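Trainee: Below is one structure. I have some questions about it.
The values are calculated or read from the model by the stated rules, or taken from the named source; none is laboratory data. Remember, predicted model here, so these are calculated numbers, not experimental data. Here Cβ is always computed from backbone atoms with ideal geometry, including for glycine, and neighbour counts include all displayed protein chains. When the accessible area is computed, the model is the full protein with side chains, heavy atoms only, and any ligands, DNA or RNA have been set aside. Shrake-Rupley method; radii C 1.70, N 1.55, O 1.52, S 1.80 Å.
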Amino acid sequence: MRRSNILEITAGLFVLIFTIFLIFFAIDKLSYIKKNYKDCYKIYGLFANANGIGVGDSVKISGVDVGSITGVSLDKATYVARIDMCISKDIKLPIDSSALITSSGVVGSKFVNISPGSDIKLILHGGKIEYTQAEANMGGIMDRILGMFTK
């Protein structure tokens with residue numbers, strides 16, 4: 001065989017192996033993103049800001065995935081962000097639970113963290129989380145801190 005044929009075959013094998021790796025990586029990530037909570041009940045919360053949160057992002061309690069975000073839209077009556085969530089049916093949330101949009105690390109992905117309340121009444125299918133809070137705006141916090149020192 002000529003040297004150019006060996007080089008072409010080697011390059012072709014490298015491309016084939018790399019393509020197979022990318023396909024497996026994509027399938028793994030898609031299955032992670034598309035977690036399907038078939039046995040779930042839907043709830044929603046109204047947030048002042050839903051920047052960076054999207055469909056398929058996690059809903060967690062104490063760092064454990066308990067559901068996923070199924071929709072992000074603008075509530076036309078109040079002009080705030082409405083986040084629809086699907087929570088696993090075996091998780092019962094008290095009506096005084098609170099939800100916070102947060103991120104895992106400085107540049108990590110965002111998720112909704114739920115802190116269960118202590119009321120005996122539970123949020124039912126289609127119910128609303130009354131106490132919500134958007135993630136703190138780091139730019140605004142830095143401006144306030146710098147403003148304290150420049151006055």
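Trainee: How large, in percent, is the carbon and sulfur part of the accessible surface of the range 39-140 at a probe radius of 1.4 Å?
Mentor: 54 percent
Trainee: Rank by packing, highest mean first: peptides 110-120, 81-91, with packing defined as the count of other Cβ atoms within 10 Å averaged across residues.
Mentor: In decreasing order of mean packing, 110-120, 81-91 become 81-91, 110-120.
Trainee: Scan around residue 49 for amide H atoms under 5 Å from its own, H built in the peptide plane at 1.01 Å from N, and keep only partners 5 or more places away or cross-chain.
Mentor: Here 81, 134 satisfy the definition.
Trainee: With a 1.4 Å probe and every protein chain left in place, work out the accessible area per residue of the range 36-100 in Å², rounded to a whole number.
Mentor: Value for the range 36-100: 51 Å² per residue.
Trainee: Under 5 Å between amide hydrogens, which residues at least 5 positions from residue 109 or on another chain qualify, with H placed 1.01 Å from N in the peptide plane?
Mentor: Long-range HN contacts for residue 109: 104.
Trainee: Work out, in µm²/s and without decimals, the Stokes-Einstein translational diffusion coefficient of the range 39-140 at 20 °C, 1.002 mPa s, Rh from Kirkwood over C-alpha pairs.
Mentor: So the translational diffusion coefficient is about 158 µm²/s.
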